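Report on one structure; see the data block that follows.
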Amino acid sequence: MRIFSKKGMLKIAFVLICLISQILQANTRIVITSTPKIQNHSWSKSKELVVRSMDLALSVDMDAKKIHGVVSYQIAKGSEGKKQSKFDLLYLDAKKINILGVYTSSNKKTALPYSSAVDFKSFKKFGWQHGATPVWRFEEDNNGTNPISVGLQEENIDLFGEGLVVLIGKNNRVTIEFEVGLSADALQWLSAEQTRDKQYPFLFSQSQAILARTWIPCQDLPSVRFTYAARVYVKSPYNSVMSAEKVGVEYARGALSDVFSRSKKLAWKNAYTDYKPAADILVSNWMDYPFNNLATPTSVGTSGDLLICYRFAQNRPIPSYLLAISVGDFRYSSYRITDDKNIKETGVYAERGYLEECRKEFVRLPEMVKAAERLYGQYVWGSYRVLVLPPSFPFGGMENPVVTFATPTIVAGDGSLVSLLAHELAHSWSGNLVTNATWEEFWLNEGFTNYFESRIMESVFGKEYADLLVNLAYADLVKTVEEMEQDSQGRLDTRLVLDLENRDPDEGVTDIAYEKGRFLLVMIERKIGRDNWDLFLRSYFSRHSFGVVTTQGLLAELKYFLLKGVSYSITENGFIPNEIERHPAPSRLDSIQLSLPSIAFPAGELKDYWDKKYRFCSDFMLAIEKDWIHGIGLPFDGIAAFPEIESAELLRVDGIASRYWSSGVDKLDRNKTMEQGVTGKVKATGKELSLNQGSVKEMDMPEVMACEFHRGGATRRRDVLELDTTNFTAHHWVHLLRRLRSMGQLSVNDMEAIDERFHLSERKNAEVAFEWYMLGLKCQYTTVFPYMEQFLLSVGRRKFVLPLYEQILKTQENALDMVSSIFYGASPGYHSVTRKSVTELLLEYNR
Ligand code: BES
Ligand code: ZN
């Protein structure tokens, strides 16, 4: 007797399979409880599974301040990945993102058509199912196996986000539908009021360093690169840019909410006849896409229910911190580059009413791009454009590929602050093409970029101007180091390679990475000669393009280069650059182990020479490592000592400052005994002494810099005519004002006299205005306070905002009242980055 029919057998098999798969599902929950760990500021285990490309569809509702998005990832095995199994989990960084759904694809072979992510019908066709696969968010309790309890600490979630884990099994496609809005720290949603034209709201993102995860779930660390394609849906007449080439514009009648509707179908039309459908873009290809000049959608009109879809393609792999978007009523103006084969276009985006002014300000941009290419090789990102944002942008600039984002505070009217563009442009090589492996080595991005920036400036504006800027930066660096050395963490943070474990990478954003980093490169340049150094840099950028770099790797390569690839001679005094090497390298050097402490060269006539050369290079590299990379502060001696910095122009300013300063004080007579009843201050070679009475003679003061005697409380007015500002640029002013601030206290009378003559309170140049406010606060020159307050209410650039609040706290009697009243009004208009920094400052102050 047959107990089970064939059909019955099948049924039982089916039930068994279901049971087993249930058990397996349960097992996967055990897998997930293996403690997730933050590594390099990311939850993603990108060595196991890595996101190779992203296909994005974003509908941006400027009124509701919301982005509704669908992102589809193509996933591959990471560098240490094993063959994918059905238990494979994809770890993504995500912070405060509202996840609406997760879809995995079982259809491995099917390449998705371009941005099919929006078309749910085609999801189904390609085997996608809504919610078919279990998904965990770290913050959720999954039947008692809440991963938070095993791995994640509160403070980590605050800083790094709660993350997102997807059971992808053997699939290589995952699609996530999500929504982000006001709580996305990267995004700033500005009201029309906060823009220049005051007509339309404005949106921009700032992803560096770890904020990309607040608006798109991603593997948010600089060592993972991916390509992306995107569609951005907005209402007319908004424009949009992303950190990608714009490859198409379409329009349709409808409401934004229809974009992701599963029932409604919008009839999209191409806005341009020369538009080439992007359906053939496979986002994982790095192929170039033919450029269409589609930046300004003039032909689509502006009426009522018109929707625009901008298509973007970033066919070169980028790290997540370079993901960027902006939406607003901005327009584009191009400086065409006709004779440059690599660069498609340079140009400027700005709000309509500002476009012409910005365009004028940046006219030297094409020259800069060419200079940069001449220096370190081909520009690889297609076009180079600048978007001028509203003043709340928290940084000076952000090097988003294809479109640099910039603060309007560099639009000074006289082109005086365009070095910032040289900086962001330089990032197209240092940073975007060759990227710091982790944020602890941030100096590899910024130090190299600062160096490169000044080379571009030299090439376009001349050596004198470039040197002036470098010297200003140097003065800043010395001051920063002095301040940082005051506290124990700050001291450690004066090293080039930082320890940022469990810390916000933002803490590494100091003058150390930027300026100590730059001067290390200046030092090397001077030691080995510019030709050699440029040769090294060109090869560095090309060998590591679309890759990551580490400090250790850099040092090893440099050592090898010094031994093998440089034209210099070596003498008792070290390198003599630009001489032809007369002693060919022994063949043994080819296989040299750079980590060996020494190398024995074969006997013979070259032995002594090569012994010496090897020793010299080794010592040099060791000194760099010890004094610069891991050394506290700045190294002022040794074979890798800090380079000499001098600028005749800044010395001229110093002279003016000194003459002005002493014009109002009694000359110190060393032989005179101070009169009864006179008090004063003498500043001499750095020391400041308070005097009551007594013999000045007794003091040992080789070089009196300034002295001040108060008789009955009155100070003589200084002679404002001593301030000879002939040929002063904004940079001269910045230096002069800083200098005066460091010399001591000016009387309100003096401040008034300066203001009367130079109208500094009304200066529009943000750098000059900032320095004037800083000095005004120090000198209790209250006339300037309303101007400063106005500045703090509109400008959100952290570099200005933070020191101003700090200076108020340092110098004002009613500091807390003053700061809180200004901050209360201003903070809703700040980007989260600036707001966070100011809040931390206030907390620190209250402690
Ligand atoms: N990439 C930085 C800005 C940044 C750094 C944002 C770290 C977030 C985290 C940009 O290139 C930059 O350095 N900007 C400077 C200007 C530059 C001329 C020094 C700035 O914003 O002031
Ligand atoms: Zn930078």
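The values are calculated or read from the model by the stated rules, or taken from the named source; none is laboratory data. Keep in mind the model is a prediction, meaning the values are calculated, not measured. Because the Cβ atoms are built from the backbone with ideal geometry, glycine has one as well, and the counts that use them run over all protein chains shown.
Among residues of segment 520-549 that are over 18 Å from Val470 (Cα atoms), those with a Cβ under 7 angstrom from a residue that is of a type in the set (Phe, Trp, Tyr) and modelled with pLDDT of 90 or more, sequence gap 6+ or separate chain, pair up as Leu537/Tyr376; Arg538/Tyr376; Phe541/Tyr376; Phe541/Trp429. Can you say whether Phe395 is within 10 Å of ligand 1 (Cβ to nearest atom) and surrounded by fewer than 24 Cβ atoms within 10 Å (Cβ to Cβ), as far as the supplied structure shows? In short, yes. Any residue at all in segment 756-766 that's under 22 Å from Thr409 (Cα atoms) and within 25 Å of the chain's Cα centre (by Cα)? So far as segment 756-766 goes, yes, one or more of its residues are under 22 Å from Thr409 (Cα atoms) and within 25 Å of the chain's Cα centre (by Cα). In summary, helices (runs of 4 or more DSSP H) completely within segment 417-502 and bearing 1 or more residues that are within 16 Å of ligand 2 (Cβ to nearest atom) and of a type in the set (Asp, Glu) occur at 419-426, 443-461, 463-484. Whenever a residue of segment 828-847 is without any contact (Cβ under 8 Å) to a residue 40 or more places away in the chain, its partners that are among the polar types (S, T, N, Q), lying with C-beta atoms within less than 9 angstrom and at least six residues away or across chains, give the pairs Arg835/Ser827; Val838/Ser827; Thr839/Ser827; Leu842/Ser820. Go through the residues of segment 502-513 one by one and say whether even a single one is over 24 Å from Glu399 (Cα atoms) and away from ligand 1 (no atom under 15 Å from the Cβ). Within segment 502-513, one or more residues are over 24 Å from Glu399 (Cα atoms) and away from ligand 1 (no atom under 15 Å from the Cβ). For Ser149, the conditions (1) at pLDDT 85 or above; (2) small (Gly, Ala, Ser); (3) not in a loop (DSSP other than H, G, I, E, B) all hold with the exception of (1).
Residue pairs whose Cβ atoms lie under 8 Å apart, sitting 6 or more positions apart in sequence or on different chains, and linking a residue in segment 390-410 that is on the phi > 0 side of the Ramachandran plot and in contact (Cβ under 8 Å) with a residue 12 or more places away in the chain to a partner that is more than 13 Å from ligand 2 (Cβ to nearest atom) and of a type in the set (Asp, Glu), are Val402/Glu245.
Among the helices (runs of 4 or more DSSP H) confined to segment 735-839, the ones with at least 2 residues that are within 16 Å of ligand 2 (Cβ to nearest atom) and surrounded by 15 or more Cβ atoms within 10 Å (Cβ to Cβ) are located at 798-811. Counting the residues of segment 629-658 that are in contact (Cβ under 8 Å) with a residue 60 or more places away in the chain and closer than 21 Å to Gln486 by Cβ gives 6.
For segment 200-230, the set of residues classified as of a type in the set (S, T, N, Q) and either within 16 Å of ligand 2 (Cβ to nearest atom) or out of contact with any Leu (no Cβ under 8 Å at 6 or more places or on another chain) (or both) consists of Gln206, Ser207, Gln208, Ser223, Thr227, listed by residue number. For segment 436-468, taking the residues that are surrounded by fewer than 23 Cβ atoms within 10 Å (Cβ to Cβ) and polar (S, T, N, Q), the one that is farthest from ligand 1 (Cβ to nearest atom) is identified as Ser459. Within segment 503-544, if we keep just the residues that are within 16 Å of ligand 2 (Cβ to nearest atom) and outside any helix (DSSP H, G or I), the residue that is farthest from Glu482 (Cα to Cα) turns out to be Val509. Residue check: Ser223 meets all listed conditions (1) under 26 Å from Trp381 (Cβ atoms); (2) assigned to a loop (DSSP other than H, G, I, E, B); (3) in contact with a helix residue (DSSP H, G or I) (Cβ under 6 Å, 6 or more places away or on another chain) but one, namely (3). In segment 415-430, the qualifying residues are those that are over 16 Å from the mean Cα position of the chain (by Cα) and not aliphatic (A, V, I, L, M), and the one that is nearest to ligand 1 (Cβ to nearest atom) is Ser416.
For (1) more than 16 Å from the chain's Cα centre (by Cα); (2) closer than 30 Å to Thr834 by Cα; (3) within 16 Å of ligand 2 (Cβ to nearest atom), each residue gets a yes or a no:
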| position | (1), (2), (3) |
| --- | --- |
| Ala350 | yes, yes, no |
| Tyr376 | yes, no, yes |
| Trp381 | yes, yes, yes |
| Pro390 | yes, yes, no |
| Met398 | no, yes, yes |
| Gly413 | yes, yes, no |
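Could you please find all residues in segment 784-837 being hydrophobic (A, V, I, L, M, F, W, C), over 19 Å from Pro390 (Cα atoms) and more than 16 Å from ligand 1 (Cβ to nearest atom)?
Val784, Phe785, Ile808, Leu809, Ala815, Leu816, Met818, Val819, Ile822
Residue-by-condition table, conditions (1) surrounded by 22 or more Cβ atoms within 10 Å (Cβ to Cβ); (2) touching a Leu at 6+ places or on another chain (Cβ under 6 Å); (3) farther than 18 Å from Ile456 by Cα:
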site: Val348; (1), (2), (3): yes, no, yes
site: Glu361; (1), (2), (3): yes, no, no
site: Glu367; (1), (2), (3): no, no, no
site: Arg374; (1), (2), (3): no, no, no
site: Val380; (1), (2), (3): no, no, no
site: Arg385; (1), (2), (3): yes, no, no
site: Pro390; (1), (2), (3): yes, yes, yes
site: Glu399; (1), (2), (3): yes, no, no
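Mind checking whether some residue in segment 447-457 is modelled with pLDDT of 95 or more and charged (D, E, K, R)? For segment 447-457, residues modelled with pLDDT of 95 or more and charged (D, E, K, R): present. Quick check: is even one residue across segment 169-182 surrounded by fewer than 23 Cβ atoms within 10 Å (Cβ to Cβ), away from ligand 1 (no atom under 16 Å from the Cβ) and at pLDDT 95 or above? Yes. A search for C-beta distances below 8 Å between a residue of segment 71-88 that is surrounded by fewer than 12 Cβ atoms within 10 Å (Cβ to Cβ) and any residue that is part of a loop (DSSP other than H, G, I, E, B) and not small (Gly, Ala, Ser), counting only pairs 6+ apart in sequence or on different chains, returns Ser79/Lys47; Glu80/Lys47; Glu80/Glu48; Lys82/Glu48; Ser85/Lys170. When residues in segment 481-502 are screened for being surrounded by 14 or more Cβ atoms within 10 Å (Cβ to Cβ), free of Cβ contacts under 8 Å to residues at least 60 places away in the same chain and closer than 24 Å to Ser430 by Cα, 2 of them pass. Ala371 falls short on exactly one of the conditions (1) over 24 Å from Pro505 (Cβ atoms); (2) within 10 Å of ligand 1 (Cβ to nearest atom); (3) outside any loop (DSSP other than H, G, I, E, B), and that condition is (2).
Look at (1) of a type in the set (Gly, Ala, Ser); (2) surrounded by fewer than 19 Cβ atoms within 10 Å (Cβ to Cβ); (3) out of contact with any helix residue (DSSP H, G or I) (no Cβ under 9 Å at 6 or more places or on another chain) and you find that Ser240 fails only one, number (2).
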